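S.K.: My questions will all concern the structure given below.
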Amino acid sequence: MKKKPILFLALLSAVFFLFTTTNQVDAKTKSAKILSTRTLTKTPYHAVSGYLYTSAHLTKKAHNADNYPLTTFYATKSDTVRKANGNKAVYYYIKNGNGKVKGWIWRGHLVRIVDTSAKLKQFNALISLIDSTTTNTHNKIVSVLNTINNDTTLSDLVTKLTTLKNNLTNSSDIAKLNDIITIIKSDFSTSVNDLTNLVNALHTVNGTISTALNGLIGKLSSAS
């Protein structure tokens, strides 16, 4: 008669062991799959929310970003992953200045730290170039900027300005449009999210150009 309780306990232990093992296997299969990896130029960010994970597989949390609202982090690597729910996402590897707080965080939880004085200088250079063109070219540039809408890409804008340049005959205006295109391609294309930080700085700009550039800023920000 004593064998029955012993057998029952043995079966219960076996079932519990199998259940635990199965759950462990399931937990392992829920890690994110890394699809691609690339190296980033070291860039400063603030982490505004979310968690830092020990790896891009996202199985273990290392830090809560809420605990580091003023910390400057530097991103150096990027992994595109497929999460357990099937969705793709991009995670950046970041660490603070001394390297003690580090991990992988979803890119959407990061805000790039911008040197607004440098960006304002770039805007002033762009505005000065536009204002220094002949009246006819000036008006054509403003017209191009005012055609920007939610479907316009940065490439579209560069193409339109290039087409305008190719139709000019004034050598000075052609050179200035080359400079304008270079500024837009080299400075704005790498930090379109940052342009909205300079909207307020445009209050000193000529009214027509200000309206056009505010449209440019809004477009580039929404297209990023």
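S.K.: Compare the Cα positions of 72, 58, 43 along the charge dipole of segment 33-112 (+1 at Cβ of Lys, Arg; -1 at Cβ of Asp, Glu; about the Cα centre) and return the one farthest towards the positive end.
M.R.: Farthest towards the positive pole: 58.
S.K.: What order, most packed first, do the peptides 98-110, 33-45, 58-70 have when packing is the mean number of other Cβ atoms within 10 Å of each residue?
M.R.: Details: 98-110: 16.4, 33-45: 12.2, 58-70: 13.8.
Sorting 98-110, 33-45, 58-70 by mean packing, highest first, produces 98-110, 58-70, 33-45.
S.K.: Could you pull out every residue, at least 5 positions away or on a different chain, whose amide H is within less than 5 Å of the one on residue 55? Hs are placed 1.01 Å off N in the peptide plane, and Pro or chain starts have none.
M.R.: Amide H neighbours of residue 55, under 5 Å, 5+ apart: 60, 104.
S.K.: Find out how many positive minus negative residues lie around residue 101, taking Lys and Arg as positive, Asp and Glu as negative, among other residues whose Cβ is under 13 Å from that of residue 101. It would help to have the intermediate numbers written out before the result.
M.R.: Values: positive: 61, 95, 100, 102; negative: 66.
Taking every Cβ under 13 Å from that of residue 101, the sum is +3.
S.K.: Tally Lys and Arg at +1 and Asp and Glu at -1 over the other residues with C-beta under 10 Å from the C-beta of residue 168: what net charge comes out?
M.R.: Here the count lands on +2.
Values in this text are rule-based calculations from the coordinates and carry no lab data. Source: prediction; values computed, not measured. Virtual Cβ from ideal backbone geometry, glycine too; neighbours counted across all protein chains shown.
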